[in-house]
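See structure below.
The values are calculated or read from the model by the stated rules, or taken from the named source; none is laboratory data. Everything numeric in this text was worked out from a predicted model, so none of it was measured. Neighbour counts are summed over all protein chains in view; Cβ atoms, including those assigned to glycine, are modelled from backbone coordinates with ideal geometry.
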Amino acid sequence: MSGELVDRVRDRLIGTGDRPTPEALASAVRAESGGLLAETEVLSDVRMVQRELSGAGILEPLLDDPAVTDVLVTAPDEVWVDRGCGVQRAEIGFPDEESVRRLAQRLAVASGRRLDDAQPWADAWLPAPGGARAVRLHAVLPPVSARGTCICLRVLRRAANDLDTLRGGGAFGADLADVLREIVRCGLAFLVVGGTASGKTTLLAAMLGAVPERERIVCVEEAAELHPAHPHFVRLLTRPPNVEGTGEIGVADLVRQALRMRPDRLIVGEVRGPEVRELLGALNTGHDGGGGTLHANHAAEVPARMEALAAAAGLSRAALHSQLAAGVQVVLHVRRTPAGRVLAGIGVLGRVDGLVVVRDAWSVERGWEPAGRSRLAAELAARGGALPC
């Protein structure tokens, strides 16, 4: 198969927005070859173009590195990676701007998206053979990106560590591991908060592994990140819209479906939109011990962050604070440090003048705070538990 024909097949797929399935590839090969190929030649060319349209090219070794969380291309000779300690220059590069653009368009096609002059950006999840990792693609073409084509690949790997593994890695001490287990055992609802790549999903998966085996966990995610060591874990995945802008299944839709699946624990992998209304409603109607992750720089920022999300869902401030106070008891703050990802704080929710505030119960800098510690102990005691330390 000539390089010119490969380019024409690629352009046809980009133009139609078809996923590069064997059937779509075979149809495109026949159309671009003028129908002059025998079936054996079509099959051979389809296999070749599949190789051309799969993987991330020269970026693939970086994505395979288990330490890499992000791969960023800002120019042909500027490829950056983040291995948990900030971005660093990679020792690879592209020959020219056109090669970066071709890769961006190829990855967009592989995820069922369009990326061209008429639609100069794409945001999608790349296919993940084997399920060992999920990769989120964001690409922008010139002139929107002034210096040239930009590619951002966020690598999300299976979060399967248990609490003992995290403790052994220095994320927290043995006494705090016992506290986390007691929070889970007693069915306190919790949110894990932190910045990007701070370890929120890893801690959430570890805590779900501590859920009693007799309980059923139903989890809603955008990508299959959570893999807790639990025998009764049910996952629901969102679906993005197709190129016509239809067929989307969002987190809020799946939270409503999850409530009909007899969950003992309802988990939202990341609370980031209108689903906050459904999640808080569930946590206030007998579904103890649920939770999820939330982007926030500190536990104290959770009420303000939830207010912003609730406003987008049409939930009033008063209603949000009322449901948040009744439905969530604990906030766990994780942070990325030069030494690794650590549990930076444990907060408990309370109300002051009708509004929810988060009080520190424990922090890595100061240890236990008497008022917050007493509040956490009271929450555990109300459910037949006790603070282990």
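The set of residues in the range 215-235 that are modelled with pLDDT of 90 or more and either charged (D, E, K, R) or under 26 Å from ARG114 (Cα atoms) (or both) comprises GLU215, ARG216, GLU221, ARG235.
When every residue of the range 125-135 is checked against the conditions, none turns out to be buried (at least 18 other Cβ atoms within 10 Å of the Cβ) and assigned to a loop (DSSP other than H, G, I, E, B). For the range 324-356, what are the residues that are among the β-branched types (Val, Ile, Thr) and over 21 Å from GLY290 (Cβ atoms)? Across the range 324-356, the qualifying residues are THR337, VAL342, VAL352. Cβ separations smaller than 9 Å between residues 6+ apart or across chains give the following pairs from the range 299-316 residues that are without any contact (Cβ under 8 Å) to a residue 24 or more places away in the chain and among the polar types (S, T, N, Q) to residues that are surrounded by 15 or more Cβ atoms within 10 Å (Cβ to Cβ) and in a helix (DSSP H, G or I): SER316/ALA310. Of all residues in the range 271-301, those satisfying the criterion of being under 21 Å from the mean Cα position of the chain (by Cα), part of a helix (DSSP H, G or I) and more than 24 Å from LEU259 (Cα to Cα) are ALA299, GLU301. Going by what's in this entry, would PRO143 be described as over 21 Å from the mean Cα position of the chain (by Cα), at pLDDT below 95, outside any strand (DSSP E or B) and over 18 Å from LEU59 (Cα atoms)? Criteria met by PRO143. Please specify each residue of the range 63-97 satisfying the condition of being in contact with a helix residue (DSSP H, G or I) (Cβ under 7 Å, 6 or more places away or on another chain) and of a type in the set (Gly, Ala, Ser). Within the range 63-97, just ALA90 meets the criteria. When residues in the range 155-175 are screened for being modelled with pLDDT of 90 or more and buried (at least 20 other Cβ atoms within 10 Å of the Cβ), 5 of them pass. VAL9 - would you say it is modelled with pLDDT of 70 or more, buried (at least 17 other Cβ atoms within 10 Å of the Cβ) and touching a Phe, Trp or Tyr at 6+ places or on another chain (Cβ under 8 Å)? No.
Residues satisfying the criterion are absent from the range 321-332 (criterion: under 14 Å from PHE172 (Cβ atoms) and without any contact (Cβ under 8 Å) to a residue 40 or more places away in the chain). Checked against the criterion of being closer than 25 Å to ILE346 by Cα, of a type outside the set (S, T, N, Q) and under 15 Å from the mean Cα position of the chain (by Cα), the candidates VAL135, VAL179, VAL192, VAL155 yield just one match: VAL192. Checking each residue in the range 345-385 for being out of contact with any helix residue (DSSP H, G or I) (no Cβ under 6 Å at 6 or more places or on another chain), part of a loop (DSSP other than H, G, I, E, B) and touching a residue at least 60 places away in the same chain (Cβ under 8 Å) picks out ARG383, GLY384.
Per the listing GLU78, GLU97, GLU91, the residue uniquely touching a Gly at 6+ places or on another chain (Cβ under 7 Å), at pLDDT 85 or above and of a type outside the set (Phe, Trp, Tyr) is GLU97. In the range 163-174 there is at least one residue matching the filter, namely being over 22 Å from the mean Cα position of the chain (by Cα) and closer than 22 Å to ALA296 by Cβ.
Of the set (1) closer than 21 Å to VAL271 by Cβ; (2) surrounded by 16 or more Cβ atoms within 10 Å (Cβ to Cβ); (3) under 25 Å from the mean Cα position of the chain (by Cα), all apply to VAL342 but (1).
So how many residues does the range 50-108 have that are of a type in the set (A, V, I, L, M) and part of a strand (DSSP E or B)? So the count comes out to 7.
Is it fair to say ILE249 is farther than 21 Å from VAL330 by Cβ and of a type in the set (Val, Ile, Thr)? It is true that ILE249 is farther than 21 Å from VAL330 by Cβ and of a type in the set (Val, Ile, Thr).
For the range 232-270: of the residues being part of a helix (DSSP H, G or I) and among the β-branched types (Val, Ile, Thr), which is nearest to VAL218 (Cα to Cα)? My answer is VAL255.
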